[in-house]
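Below: the structure, in structure tokens.
The values are calculated or read from the model by the stated rules, or taken from the named source; none is laboratory data. Source: prediction; values computed, not measured. Cβ sites come from the backbone with ideal geometry, for glycine too, and all protein chains shown count toward neighbours.
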Amino acid sequence: MKKIIIVGAASGMGRELAKIFFAGGYTLGLADINTAQLSILARELGGDLKTKNIDVSSYAIARNQLEELITELNGVDIFIYTAGLADKTRIWKNECMLHQVNAIGFAALCSFVYDHWRANNKKGHIVGVTSILAVRGIRQAIAYCASKSFMKIYMQGLRQDAASCRYGIDITEIRPGYIDTPMTAGNTNIFWTIPAENAARLIVKAIMKKSKVAYVPGIWRLAALILKMLPEFLFKIRISSFKNYFSRRIAPGYKGNI
């Protein structure tokens, strides 16, 4: 059975993915900075799995810890990165930490596992969770959009490298819309929200298909196309106006059911 490492497994989509893969009989290595929640999840699953306290913002240490986890699992076939922060304060200290987790931390661990497979002539699969906001910068989430766009471009480059060199390494970018997780709690300017467990099931399908890019749920693909095409001056409009536009024009009556 394949071995999967999930970074950011203690909550949100990472937690739901861990539950699905564990039920499917996969061998799991779960990593997160929140060791208390990670321990609760491990006890809830109740099986043979490995856990590791990894703070992805300390990327040099995190790479060593990832190596330890791979050794404990005796290899890894699928590497999933769901760790992430969101921040709207525009306070540099907060933005810096966001970039350390969303962008630098991702690149540090993603490059490590990619090079690990190359060095050992192994096949593998990298899955990175970005966002619908990776396709366009908006003033309501400047740093978040930038960090997710970084992940998107990084994975595009790796995918090209893996294909041209025939490494047998697949790269899947997951672009979720609004998911009901702790990251979106209390945010009133969101729409088409779906439960984390529903999103996780769709993500698993995309992983099994080895999709290059998957929108979760699929309705966001059309929204992403429109976001790319809209002229920049329209983004001065309040986000609530976009909410009304998308909800009424693109998918009237859509309530996030899968």
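Summary of computed values
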quantity	calculated
Residues being surrounded by 19 or more Cβ atoms within 10 Å (Cβ to Cβ) and either among the β-branched types (Val, Ile, Thr) or over 23 Å from residue 178 (Cα atoms) (or both) - total across region 24-38	6
Residue selected from region 168-200 under the condition more than 13 Å from the chain's Cα centre (by Cα) and at pLDDT 95 or above, by the criterion surrounded by the most Cβ atoms within 10 Å (Cβ to Cβ)	169
Subset tally (residues that are surrounded by 16 or more Cβ atoms within 10 Å (Cβ to Cβ) and either closer than 23 Å to residue 206 by Cβ or of a type in the set (Lys, Arg) (or both)) for region 118-164	27
Set 21, 79: member being among the aromatic types (Phe, Trp, Tyr), surrounded by 17 or more Cβ atoms within 10 Å (Cβ to Cβ) and out of contact with any helix residue (DSSP H, G or I) (no Cβ under 7 Å at 6 or more places or on another chain)	21
Residue that is surrounded by 15 or more Cβ atoms within 10 Å (Cβ to Cβ), at pLDDT 55 or above and either acidic (Asp, Glu) or more than 20 Å from residue 82 (Cβ to Cβ) (or both), where the choices are 242, 235	235
Complete set of residues in region 77-93 that are assigned to a helix (DSSP H, G or I) and either aromatic (Phe, Trp, Tyr) or closer than 22 Å to residue 176 by Cβ (or both)	92
Residue tally, condition over 14 Å from residue 113 (Cα atoms) and not hydroxyl-bearing (Ser, Thr, Tyr), over region 71-94	12
Failed item in (1) under 30 Å from residue 120 (Cα atoms); (2) touching a helix residue (DSSP H, G or I) at 6+ places or on another chain (Cβ under 6 Å); (3) not hydrophobic (A, V, I, L, M, F, W, C), with residue 160 passing the rest	(2)
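Yes/no per residue for (1) under 14 Å from residue 106 (Cα atoms); (2) crowded, with 21+ Cβ neighbours inside 10 Å; (3) within 18 Å of the chain's Cα centre (by Cα); (4) of a type in the set (S, T, N, Q):
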{"residue": "2", "(1), (2), (3), (4)": "no, no, no, no"}
{"residue": "8", "(1), (2), (3), (4)": "yes, yes, yes, no"}
{"residue": "17", "(1), (2), (3), (4)": "no, yes, yes, no"}
{"residue": "40", "(1), (2), (3), (4)": "no, no, no, no"}
{"residue": "43", "(1), (2), (3), (4)": "no, no, no, no"}
